[in-house]
Amino acid sequence: MLQKNRKLLYGLVIVLASCMLLLGGAAWYLALRLEPILKEQLQKQVHQDSNGLYQLEIKKLSIKLFLGRIYFTEPRLVPDSMRLRQLRLAHQAPLSVFNVSCQSIVLSDVDFWHLYKKKQLSIGLLMVKQPKLLLVRDLTVTPKKDGQTRKSLYQLVKPILNRISLAEIKIVDGEVNYKRVYADRITSLKLNKITVLFDDFLMDSLAEIDITRFFYSKNIHVQIDDYSYLTPSNRYKIFVKQFNLSTQDSTVIAQNASLIPQYKKMDFARKAGEQIDRFNINTDSLIIQGFHLKSFLFDERIFANKVELIRPSLEAFRDKNIPRKDLKEKLLFHEMLQTIDHEVLIKKVTINEGRIEYEEKPQGKSKSGTVFFTNLKATFTNVSNLLDPARPTIDIKSSAYLMGSGEMNFEFRFPVNPAEKTFTVNGSIRAMDLRRLNPAIDQLAFVRVKSGRLKSLNFSIKATPIASKTYMKFLYDDLEIQLLNKETGTTEKQGLATTLVNAVIIDKSNPIPQVPVRIANVIYQRDKTRSVFNFLWKSIFTALKPSVGINDKKESKIKEMEEKFKALKLRSKKKKEDKRRKDEIEKQLQKEKRSNS
């Protein structure tokens, strides 16, 4: 009996093995027959749907029916250059042309039964390894307007497949080269180390109108690591440690983003061959919320609900020993937005925990002066170049600490419409010790504050691209300054001049007892070759002088005193030179006398 059962078991094993071999052989045979058919069909469909523009090349295609997998080895999608020229001549060429290749594409968990019976492709995972995309967008191409709407991706595949669903798509270690041609200008962008994940990809008639999907997916997550870009001038490198984009919540996050100068402070302007600012910018995080990705990709419009910068830092340096060459008129902030080729609408921009530092090396000097602002907070509203009666202005509200001490508050209002020329600035600085300004004014103005207490400073500026009118109320106590020697940067030989300035030129306080508060109302004519920051600083500085008691009469005294000091120095120098020559002559006569004797 036992022997009989063994024989039966052996028979079953043999039957099962035979069935497996038959099924395996059949699957192998079907796959062998299907592979060239599928490859040919795909190539034919791509060529047909692209109007002959693209060719699909596949080094190897293999199908594993039992495993539910399809392998593509080194596939390439390449444009036909001759056909592209024909389409351009006929004004039928697309604006964007791409060249795509990758190491491999693997489709896992493929439902071959539904594919055969219902023309529905269901895939668990599509893995694309090391893809490379070259995308050229030529805006000089003028497509022919034939009134026909372009077919969507679903409309193109519908003759072959009724439905395509993928649980997940993974694109790993990708590379993108983007070139934009506009008139005679070509801009390029290269990205590598790209990872893209598509969740719940579905392509059917309903997915076409599903507004919760982007490119037929519930969510697309893009991650780029260690992005680096050298600017065309080779002066700066842009670096982002990690970049993340999610279509589900329309969010873009850039971690540790930096604009890094490629030359040291003293070499930067020399390398450029002219006097320019050297910037060093970085931020811990840059977060964009409500980013309209479709508008950006298809229409090149920059729309977002909010942009947030967390702990940004800006360091600027200028060496005035290098001559200026760029004497062209500089645009103001709102005028710059109008020069952007793209439509821009960012509803809100916020800056938190920022820091700004400006360092300047005066002409002929070896040391520089520095002014800085800490704990910067700012809110920009309606950063836009779109004319909208409901949003006529760009508004900025900011606060910071001047030299880490005096609390500052500023409000800016710029018109969006370029026909409107007037903009306004209102600001205030609260109480601070004025000696905190010395690191800046020591080298930039050759003045040192010996004592002085700011009680409050309030100002308002109404300006056009031509001139500004500034109102200022500057209240302070116990102001005493020391003039510095421009050659040595010290108080050497400045005692008399310092005494005269404190006694005659400036007022020790505002208000002076029994005297009304001094209010400054001044007009400043703008130097159009200078930046908007220079314009605002000069407007404030022009109002500071009468606020501390300096008027035209006192300024003429200053000039008179300067001329007298110069004359005294020249006379002193001449006396020293005459004495030196007299001593040399006497030494020469004594030497001759000794030699004759």
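The values are calculated or read from the model by the stated rules, or taken from the named source; none is laboratory data. Computed from a prediction, not measured in an experiment: that's the story for all the values here. Heads up, the Cβs are rebuilt from the backbone with ideal geometry, glycines too, and the neighbour counts pull from every protein chain shown. Areas reflect the complete protein model, heavy atoms only, side chains present, ligands, DNA and RNA absent. Shrake-Rupley method; radii C 1.70, N 1.55, O 1.52, S 1.80 Å.
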Find the accessible area per residue for the stretch 117-240; the probe is 1.4 Å, ligands and nucleic acids are left out, and the unit is Å². 61
Residue 133: net charge of surrounding residues, Cβ under 11 Å, Lys/Arg +1, Asp/Glu -1, itself excluded? +1
Of every hundred units of 1.4 Å-probe accessible area on the chain, the number belonging to carbon and sulfur atoms, as a percent, is 57
GluC sites (Glu not before Pro) within the stretch 388-467, DSSP loop, no more than 16 other Cβ atoms inside 10 Å: 420
Stretchable slack from residue 260 to residue 579, in nm (0.36 nm times residue separation minus alpha-carbon distance): 109.2 nm
When you count, for each residue, the other Cβ atoms within 10 Å and take the mean per peptide, how do 431-441, 230-240 rank with the highest first? 431-441, 230-240
Counting Lys and Arg as +1 and Asp and Glu as -1 over every other residue whose Cβ sits under 13 Å from the Cβ of residue 252, the net charge comes to -1
How high is the relative contact order of the chain, in percent, counting Cα pairs under 8 Å that sit 6 or more residues apart? 5
Once you list every other residue whose beta carbon is under 15 Å from the beta carbon of residue 226, what net charge do they have if Lys and Arg are +1 and Asp and Glu are -1? +1
